[in-house]
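Written below as structure tokens is the structure these notes are about.
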Amino acid sequence: MKASKFAWVFALLAAFLFPEMILAQTDPGVRSDTGVNAGQPFASVTASPNDLAFFQTGLAQFNEHQTVTGDNPGLGPRFNLDSCGACHSQPALGGTSPASNIFPNVGPNPQSQVIANGIVFGGTNTIPFFVQANGPVREARFPFFFDPLGNANPNAPNGGVEDLFTVSGRTDAGTCSLQQPSFNAARAANNIIFRIPTPTFGTGLMANIDDSTLIANHRAQRGTLLGISGTFNHNGSDGTISRFGWKAQNKSLMIFSGEAYNVEMGISNELFTQDRPLPGEDQLGSGLPPNCLNLAGVGYPEDITHSDGTSASTVTSDVGLFNVFMQFLDQPKPSTTSPGGALSIANGHKLFSAIGCATCHTPSLTTQASKLTPGLSNAIANLFSDIEIHHMGVGLADNVSQGGAGGDQFRTAPLWGLGQRIFFLHDGRTTNLLGAVEAHQSSGSEGTQVEENFDLLPPSQKQDLLNFLRSL
């Protein structure tokens, strides 16, 4: 018998006796129960008329589109989009980035439509190369300032957000004239990185985990022989553990909200009280020109606590309402049967711990007592995160430092709701969950050993693990 026939017979026997050797594992894809298991308030909030009024008012404000002047003033002079909900909409308000290539009813990436929808003037703005109709909502950063020759200067760290669009040319922007950042030049200099929106489901629970609980969990991680040595990012003001954002750079949801309103939409508020120039305009230039200041004509800050309000929710500032909305969002509820069935999901859950994923992606932590609503009090937060920052190696490094987090350090991304996300990793570089897992392996990454453990699993077990992740 010829060698080729031996190979053919062996292949048939292998397929019969060891089918897992033939069938490759695949990402099951975004779960079809979109919007059902995420985006709901706590039951205790629904049961309280006052709390529910706050939540619903916050939800409405979260989804409202801002303008330069008029009923919702303050947009610009530079911004990334005109609404919180436009960025945080998958699979429901409060989530992460949408895209039409998965769910046609969601619509295309809203950043790709800002000219078509009249949010920005096409005569003074173009859609950046990294914004695609079927891609994620993104913000851009230049890790370093440029030298006089247009090269990245590694001795001059930058890392601030470079807002994509300007209000220049809009009929309500007056004579303000600003140019967009030089994204093409930054690409040519290999000096541009991206971030996508983080989901906000369950963030009230994350905010209510005591530092001592996080420290105890950190101690329990020691001695695993997995090469994992995470640490915490700390708030520079009071020294406590910060926990929000891709690098855990924000201490509280209120700060997270105020910063996003100012940075992403250009709206000054009681936490960030001035119009924000680009990093180069602020640190290397002269700030914003006078004719681009106070465009709303209402003075500063543009978002305030309303002393003329007639109820608690109408008195509260927009930032305060964003904070309440996120605080009261319950954690996503996992599926017990989809994808792959209950047995596959249960097997995947065991493997998740067995190979070391749970070392950083801590399945659950208990919250402290809460004065806000009973749903937050002494609750089990199934976040699958230790809220620590870890070195993720050269493959994921973005060379941006925030607080105590260095250029290759990122917060362990909470995995609750993972089954309904479209884009993965901090920059949305992949829609393939398998690719996101494999990206944990690179030189200098604390996730390398765990990812190599995953590589050693037979395809059927890899599939169980992927099914488990997509069930979350």
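Inspection of region 189-210 identifies at least one residue that is open to solvent by 50 Å² or more (accessible area, probe 1.4 Å) and farther than 24 Å from I380 by Cα.
Residues in region 162-175 that are among the charged types (D, E, K, R) and surrounded by 21 or more Cβ atoms within 10 Å (Cβ to Cβ): E162, D163, R170. Counting the residues of region 211-226 that are surrounded by 13 or more Cβ atoms within 10 Å (Cβ to Cβ) and either free of Cβ contacts under 8 Å to residues at least 40 places away in the same chain or assigned to a helix (DSSP H, G or I) (or both) gives 5. Return the residues of region 262-281 that are in contact with a Cys (Cβ under 8 Å, 6 or more places away or on another chain) and part of a loop (DSSP other than H, G, I, E, B); say none if nothing qualifies. Answer for region 262-281, where residues must be in contact with a Cys (Cβ under 8 Å, 6 or more places away or on another chain) and part of a loop (DSSP other than H, G, I, E, B): just D275. Counting only residues that are open to solvent by less than 40 Å² (accessible area, probe 1.4 Å) and in contact with a Lys or Arg (Cβ under 8 Å, 6 or more places away or on another chain), how many does region 118-137 have? The total comes to 3.
Within the set L149, L178, the sole residue that is surrounded by fewer than 17 Cβ atoms within 10 Å (Cβ to Cβ), among the aliphatic types (A, V, I, L, M) and assigned to a loop (DSSP other than H, G, I, E, B) turns out to be L149. Of all residues in region 160-178, exactly one satisfies the criterion of being hydroxyl-bearing (S, T, Y) and under 16 Å from I267 (Cβ atoms), namely T166. On the stretch given as region 227-247, residues that are within 21 Å of L425 (Cβ to Cβ) and outside any loop (DSSP other than H, G, I, E, B) total 2. Do we find that G159 is open to solvent by less than 10 Å² (accessible area, probe 1.4 Å), of a type outside the set (D, E), at pLDDT 95 or above and over 27 Å from V324 (Cα atoms) in this structure? So G159 fits the description; yes. Are any of the residues in region 247-256 more than 26 Å from H391 (Cβ to Cβ), modelled with pLDDT of 95 or more and open to solvent by 10 Å² or more (accessible area, probe 1.4 Å)? The answer is yes, given that some residue of region 247-256 is more than 26 Å from H391 (Cβ to Cβ), modelled with pLDDT of 95 or more and open to solvent by 10 Å² or more (accessible area, probe 1.4 Å).
Open to solvent by 40 Å² or more (accessible area, probe 1.4 Å), in contact (Cβ under 8 Å) with a residue 24 or more places away in the chain and over 13 Å from F79 (Cα atoms) - does that describe any residue in region 109-117?
No: region 109-117 contains no residue that is open to solvent by 40 Å² or more (accessible area, probe 1.4 Å), in contact (Cβ under 8 Å) with a residue 24 or more places away in the chain and over 13 Å from F79 (Cα atoms).
Give region 421-432 a look and list any residue that's among the aliphatic types (A, V, I, L, M) and either farther than 21 Å from T198 by Cα or crowded, with 23+ Cβ neighbours inside 10 Å (or both), or say none. Listed by number, the list holds a single entry, I422.
Selection of region 38-74 for residues being in a helix (DSSP H, G or I) and of a type in the set (A, V, I, L, M) yields A43, V45, L52, A53, L59, A60.
Scanning region 242-278 for residues that are without any contact (Cβ under 8 Å) to a residue 60 or more places away in the chain and among the aliphatic types (A, V, I, L, M) yields I255, L271. Looking across region 372-409, just one residue is of a type in the set (A, V, I, L, M, F, W, C), in contact with a helix residue (DSSP H, G or I) (Cβ under 7 Å, 6 or more places away or on another chain) and part of a strand (DSSP E or B), and that is A381. Residues in region 333-374 that are under 21 Å from the mean Cα position of the chain (by Cα) and closer than 14 Å to K462 by Cα: C357 alone.
Taking each residue of region 75-92 that is outside any strand (DSSP E or B) and looking for partners that are polar (S, T, N, Q) and surrounded by fewer than 24 Cβ atoms within 10 Å (Cβ to Cβ) with beta-carbon atoms closer than 6 Å, six or more apart or interchain, yields L75/T67; G85/N63; P91/T34. The single condition among (1) in contact (Cβ under 8 Å) with a residue 60 or more places away in the chain; (2) touching a His at 6+ places or on another chain (Cβ under 6 Å) that V315 does not satisfy is (1).
For (1) of a type outside the set (G, A, S); (2) modelled with pLDDT of 95 or more; (3) within 33 Å of the chain's Cα centre (by Cα), each residue gets a yes or a no:
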site	(1), (2), (3)
S4	no, no, no
I22	yes, no, no
T34	yes, no, yes
S48	no, yes, yes
V68	yes, yes, yes
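When region 282-299 is limited to residues that are part of a helix (DSSP H, G or I) and at pLDDT 95 or above, the one that is nearest to S182 (Cα to Cα) turns out to be C292.
In region 300-334, which residues are assigned to a loop (DSSP other than H, G, I, E, B), of a type in the set (G, A, S) and open to solvent by less than 20 Å² (accessible area, probe 1.4 Å)?
Step one: of region 300-334, the residues assigned to a loop (DSSP other than H, G, I, E, B) are 300-311, 316-317, 328, 330-334.
In the following step, the residues that additionally are of a type in the set (G, A, S) were identified as 307, 309, 311, 317.
Answer for region 300-334, where residues must be assigned to a loop (DSSP other than H, G, I, E, B), of a type in the set (G, A, S) and open to solvent by less than 20 Å² (accessible area, probe 1.4 Å): just S317.
Can you find a residue in region 447-461 that is in contact (Cβ under 8 Å) with a residue 60 or more places away in the chain, at positive phi and surrounded by fewer than 20 Cβ atoms within 10 Å (Cβ to Cβ)? No, the conditions are met nowhere in region 447-461. Scanning region 433-445 for residues that are touching a Ser or Thr at 6+ places or on another chain (Cβ under 8 Å), surrounded by fewer than 23 Cβ atoms within 10 Å (Cβ to Cβ) and not small (G, A, S) returns L434, Q441.
The values are calculated or read from the model by the stated rules, or taken from the named source; none is laboratory data. Bear in mind the structure is a predicted one, so any value in this text is a computation, not a measurement. When we count neighbours, we look across all protein chains shown, and the Cβ atoms used for this are built from the backbone with ideal geometry, even at glycine. These accessible areas exclude ligands, DNA and RNA; they are computed on the full protein's heavy atoms, side chains included. Shrake-Rupley method; radii C 1.70, N 1.55, O 1.52, S 1.80 Å.
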